[in-house]
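The values are calculated or read from the model by the stated rules, or taken from the named source; none is laboratory data. Here the structure is a predicted model, which means the values were calculated and not measured. Ideal geometry is used to build each Cβ from the backbone, glycine not excepted, and the neighbour counts take in all protein chains shown.
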Amino acid sequence: MSTLRCTPLHDDFGARVTGIELGEPISSVQIEGIRAAIDEYSLLVFPDQQMTDEAQLALTSQLGEPEAEHVTLGRTGETVHFGTVGNISADGSQHGNEAASTRYQKGNQLWHSDSSFREVPSYVTITHGYEVVGEGGETEFVSARAAYDRLDSADRDLVDPLEAVHDYLFSRSPVAPVHPAHAASLPPVAHRLVRTNPGNGRQNLFVGSHVRSVVGWGGIESRELLDRLVAHTTHADAVYAHAWSTDDTVIWDNRCLIHRGRPYDADRWRRRMRQTRVVGAERGRIH
Ligand SMILES: [Fe+2]
């Protein structure tokens, strides 16, 4: 049976989870326990995990369909299930602050939901920290479910029926050039601005830097509303900053959290984290 023990991390969301070894085979009962904890807490931090790529892919597959990493898929058509976060190459060498790959990852310092720009956005992201930095590099999270709950009734009535366009080229091309084939693989897509968790009926905003515009609204009003919703969602008291420890495995619910990476000195520190994502169940429409 499941023996997960969850200790809350923030008033709105998040739990530190013990009582499971994610590097070992995981039972279907344990998977259901993790799914229930995702629905309840949105962010799960599992400390001291002896993870491997093989075990991480097994866990990912037990939670659903592993997502094809979009950069490689877009550029080459090849399906790979892992992304590497940080500044360490496959050969173990370190990239500094001026490396192109370091600059590309600066886009992750904007508030976002992973893969929200895809026709089918992701359910969860799973990240394991093999090498972590000693200063900076936190991942900050906020609950867009708590943010929805804190809207007044007039704002809920305003946002409930709306759709918004998510556009990777819009959000990322100002940060670093996007390969043309990659850009072509990610046409803008419209998603509901308010999503509902099918398991518990809880509603949340679906906002962040990938959101370009509100469908049917003019540019200025659209931008004002989206910026106001992000500011409301990311209020300082609403943020949980996760300072990574070596061997943390972290699962976050992209349906209802947004997050951002904080800067670190890539000249000074080594960082190597392996990331997988699980495909979600809701499909947007190509815009
Ligand atoms: Fe991310």
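Please verify whether the range 144-152 includes one or more residues that are under 25 Å from residue 188 (Cβ atoms) and within 13 Å of the ligand (Cβ to nearest atom). Taking every residue of the range 144-152 in turn, none turns out to be under 25 Å from residue 188 (Cβ atoms) and within 13 Å of the ligand (Cβ to nearest atom). Pairs meeting the criteria (first residue in the range 46-70 and touching a residue at least 24 places away in the same chain (Cβ under 8 Å), second residue among the hydroxyl-bearing types (Ser, Thr, Tyr) and surrounded by fewer than 19 Cβ atoms within 10 Å (Cβ to Cβ), beta carbons under 7 Å, at least 6 apart or on different chains) are 47/245.
Table: residues versus (1) of a type in the set (A, V, I, L, M, F, W, C); (2) within 15 Å of the ligand (Cβ to nearest atom); (3) touching a His at 6+ places or on another chain (Cβ under 6 Å).
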position	(1), (2), (3)
194	yes, no, no
201	no, no, no
228	no, no, no
234	no, yes, no
244	yes, yes, no
247	no, no, no
262	no, yes, no
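Note on the range 83-96: among residues that are more than 12 Å from the ligand (Cβ to nearest atom) and under 20 Å from the mean Cα position of the chain (by Cα), the one that is modelled with the lowest pLDDT is 84. Considering only residues that are surrounded by 20 or more Cβ atoms within 10 Å (Cβ to Cβ), on the phi < 0 side of the Ramachandran plot and in contact (Cβ under 8 Å) with a residue 60 or more places away in the chain, which ones fall in the range 34-45? Once the filter is applied, which keeps residues that are surrounded by 20 or more Cβ atoms within 10 Å (Cβ to Cβ), on the phi < 0 side of the Ramachandran plot and in contact (Cβ under 8 Å) with a residue 60 or more places away in the chain, the range 34-45 yields 34, 38, 43, 44, 45. Cβ separations smaller than 9 Å between residues 6+ apart or across chains give the following pairs from the range 97-125 residues that are closer than 18 Å to residue 87 by Cα and away from the ligand (no atom under 14 Å from the Cβ) to residues that are part of a loop (DSSP other than H, G, I, E, B) and polar (S, T, N, Q): 97/87; 99/87; 101/87; 101/89; 102/87; 103/97.
Condition check for residue 185 on (1) within 19 Å of residue 225 (Cβ to Cβ); (2) touching a helix residue (DSSP H, G or I) at 6+ places or on another chain (Cβ under 9 Å): one failure, at (1). In the range 71-103, the qualifying residues are those that are more than 27 Å from residue 118 (Cα to Cα) and charged (D, E, K, R), and the one that is surrounded by the most Cβ atoms within 10 Å (Cβ to Cβ) is 98. In the range 1-23, the qualifying residues are those that are free of Cβ contacts under 8 Å to residues at least 40 places away in the same chain and hydrophobic (A, V, I, L, M, F, W, C), and the one that is nearest to residue 253 (Cα to Cα) is 15.
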